[in-house]
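Each reported figure results from applying straightforward, stated rules to the coordinates on display, with no laboratory input. Because the structure is predicted, anything quoted here is derived from the model rather than measured. Here the Cβ is made from the backbone with ideal geometry for all residues, glycine too, and neighbour counts use every protein chain on show.
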Amino acid sequence: MAHPDELVLHSPANGTEVGRVAVSTPDEVRAAVARARAAQPAWSARSIAERCAVLLEVRESILSHGREIVALVAKESGKPQHEGLLHEVMAPLELITYFCENAERVLAPAPIPMHLTKHRASYLHYVPRGVVGIIGPWNFPHNLPFGGAVMALLAGNAVVMKPSEYTPLIAAYVHGLYVEAGVPADLFQLVQGRGDVGATLIDAGVDMVEFTGSVATGKKVGAMCAERVIPCVLELGGKAPALVLADADLDRALAAVTWGGFANAGQVCASIERVLVHERLYDRFVEGLVTRVKALRTGDASASDDIDLGPLQNARQRDIVEARVNDAVAKGARVLCGGHRIEGPGHFYAPTVLADVTTDMDIVNLETFGPVLPVMRFSDEEAMITEANRSHLGLLGYVFCKDAERGRRVAERIACGTVMVNDVIASHAMAETPWGGLKQSGIGVTHSDEGLRHMCQQRHVNHDLVPWMSSEPWWYPYRPQDLPRFEKALGALYGQGLAGKLRRLFGSND
Ligand code: NDP
């Protein structure tokens, strides 16, 4: 019998049905959170080494099933197989490996050197939050939500995950690998469905939310978390600028910008969305870029591993891309290549380069999330930095130049969570580095020591070192004769230099 509500998935490349998934009811979502809560104490009672041992079994299983993952990602999301292997298999393997090697160190109690009260000691210790709700997008259906799950689980939490309605099959497949490898089924659960299922998950009593998705949905998620006073990490959209400075290595910049703009058909939060080129290189850069982009081969990744670019993942996304390009052209942009959808089955859009773009165009201001690179010409570096920082988004930024010192100097002035010099996107696969946006690109970070610790409550214990002290000077009783002594003590502590301290200690109180 057909389930009363199900997601019916179609290949974004050829339109054929690729599977169906039952939508979780609100009762099922609440029951999943309750089961996860019940399973969590036993998991957190295991040592970090024991939790790592289970996650390393998961790693082994992902490694053994890499081909199946690549094939399913190609079928469900349209991603080229190279990208499936590197972004959806290797990056998760690296993340598991890094955190299994480092979780004990990162989550060890951390002493706090005491400043004034040296007769006492403080330390931080890290306690799992409980049940972490993870809500994921469709553009990296394994890498993103499961990366969060690995960190949450290693930290001792239970996880209930709501993948995107567009990519539930890959989530279900990978989740099955986790359970087969030894992650308790109640500890890590999947609920499936549309946005309302995500909202129900937040409402079902989770202790923290890790959300990756659009700014618009992120604001709703953030508001729901605020009402419930639970922490959330919001990983939202990007509008990454690539600044090609006057002394850039042209070949490397061209190769990087082409890949950074068109990998995953531009559907990467860290994709290059604006190319800012110094006039000294502009003509050669644009000519080289158009040559490279024209050579990109689009196709159905589930039928061939000999393509560079798949389709947009869904029809809505292609409509957005088309609207952005049409708006730019109507306002005077020049299409140097592409600029149109590719007719036929699937949501293909031709890889596009636009010149003569101006700051009143949506393509320059709003996230496009598609295979389009608008290129802007600048005569000086200051203007490039100003334009890069004009965006309301601040996830990733890129600087291309040969002078390393100058590259870092410019990078430090770009208001983004991460700025890479002479490279693009790859920092997401460096699990030891923080990933998180500024401005409307989000709140909080994932990855890195800080991201792992954030999966825990950070608790502070302060204890005595001098057990025979029967009282503290600031406790009762308050006696008038103590006030002048306290004033002297303040002088000794906070007086300016030795002379100032002595003067206040031994001088008159008047
Ligand atoms: P959406 O915001 O549309 O959806 C993200 C997730 O939220 C989906 O699972 C969605 O379900 C769910 N959702 C929708 N409405 C609600 C709600 N009211 N309450 C709770 N959950 C809800 O984003 P996309 O899936 O379209 O992903 C693309 C966006 O993600 C881009 O803006 C991109 O830049 C950003 N992104 C950010 C990254 C980062 O690290 N900063 C990384 C990757 C992507 P459903 O799919 O069923 O609608």
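Between the range 149-228 and the range 66-129, what's the alpha-carbon centroid distance in Å? Their Cα centres are 16 Å away from one another. Estimated from the Cβ-Cβ distance and a Förster radius of 25 angstrom, the FRET efficiency linking residue 327 and residue 16 is about 0.15. With a cut-off of 11 Å between beta carbons, the residues surrounding residue 26 carry a summed charge of -3, where Lys and Arg count +1 and Asp and Glu -1. Centre-to-centre, using Cα atoms only, the range 229-306 and the range 475-510 are separated by 63 Å. Across the range 440-500, Cα-Cα pairs more than 14 Å apart make up 77 percent of the total.
Among 430, 420, which comes first, second and so on when ranked by fewest other beta-carbon atoms within 10 Å?
Least crowded to most crowded, the residues run 430, 420.
In the range 322-445, Rg over Rh equals 1.00, where Rg is the alpha-carbon radius of gyration and Rh the Kirkwood radius from pairwise Cα distances.
Would you mind checking the range 116-136 for residues with the amide N under 20 Å from a putative spin-label position 7 Å along Cα→C-beta of residue 45? In the range 116-136, the label zone of residue 45 (backbone N under 20 Å from the point 7 Å along Cα→Cβ) covers 126-132.
Computed extension gain for residue 127 through residue 53, at 0.36 nm per residue and net of the alpha carbon distance, reaches 24.7 nm. Sorting 163-173, 91-101 by average packing, meaning the other beta carbons within 10 Å per residue, from highest down gives 163-173, 91-101. Among the GluC sites (Glu not before Pro) within the range 342-429, which fall in a DSSP loop and have no more than 15 other Cβ atoms within 10 Å of their own Cβ? When the GluC sites (Glu not before Pro) of the range 342-429 are filtered for loop state and at most 15 Cβ neighbours within 10 Å, 343 remain.
Using the alpha carbons alone, the radius of gyration of the chain stands to its Kirkwood radius in an Rg to Rh ratio of 1.07. Summing +1 for each Lys or Arg and -1 for each Asp or Glu among the other residues whose beta-carbon sits under 14 angstrom from that of residue 106 gives -2.
Summarising the amide proton neighbourhood of residue 402: residues at separation of 5 or more, or on other chains, whose placed amide H is nearer than 5 Å comprise 247, 248, 249.
Taking other Cβ atoms within 10 Å as a rough exposure proxy, 428, 463, 10, 392 sort from fewest to most as 463, 392, 10, 428.
The Cα trace of the range 383-510 gives Rg and Dmax of 26.1, 69 Å, the first to one decimal, the second as a whole number. Absence of a disulfide-compatible partner, taken as no other cysteine beta carbon within less than 4.7 angstrom, is noted in the chain for 269, 337, 401, 416, 456. The length gained on full extension between residue 413 and residue 90, counted as 0.36 nm times the residue separation minus their Cα-Cα distance, comes to 113.1 nm. Once R0 is set to 22 Å, what does the formula 1/(1 + (r/R0)^6) return for the Cβ-Cβ distance between residue 340 and residue 287, expressed as a FRET efficiency to the nearest 0.05? With a Förster radius of 22 Å, E is 0.55. For the chain, the longest principal axis of the C-alpha atoms and the axis of helix 66-77 are separated by about 70°.
The calculated pair-distance distribution of the range 422-472 uses every alpha carbon pair, bins of 10 angstrom beginning at 0, and gives 20, 31, 18, 13, 13, 5, 0 percent.
Straight-line cross-link partners of residue 294 among the lysines, defined as a Cα under 21 Å from its Cα and at least 8 positions apart when in the same chain: 79.
Setting aside same-chain residues fewer than 8 positions from residue 439, which aspartates and glutamates have a Cα under 18 Å from its Cα? Those aspartates and glutamates meeting the cut-off are 210, 235, 273, 367, 387, 412. Can you tell me, using C-alpha contacts under 8 Å and at least 6 residues apart, the relative contact order of the range 209-295 as a whole percent? Rounded, it is 28 percent for the range 209-295. Between residue 461 and residue 5, residue separation times 0.36 nm minus the direct Cα-Cα distance comes to 159.2 nm. Over all projection directions, the Cα-based convex hull of the range 20-146 averages an area of 11.3 nm².
Amide H to amide H, with H built 1.01 Å from N, residue 240 comes under 5 Å of 273, 396, counting only residues 5 or more places away or on other chains. Each other residue within a Cβ distance under 12 Å of residue 442 adds +1 if Lys or Arg and -1 if Asp or Glu, for a net charge of 0. Kirkwood-type hydrodynamic radius, the range 7-77: 15.6 Å, calculated from all non-identical alpha-carbon pairs. I'd like the trypsin sites (Lys or Arg not before Pro) in the range 8-47 restricted to DSSP loop residues with at most 15 other Cβ atoms within 10 Å, sorted by number. Listed in order of number, the matching sites are 46.
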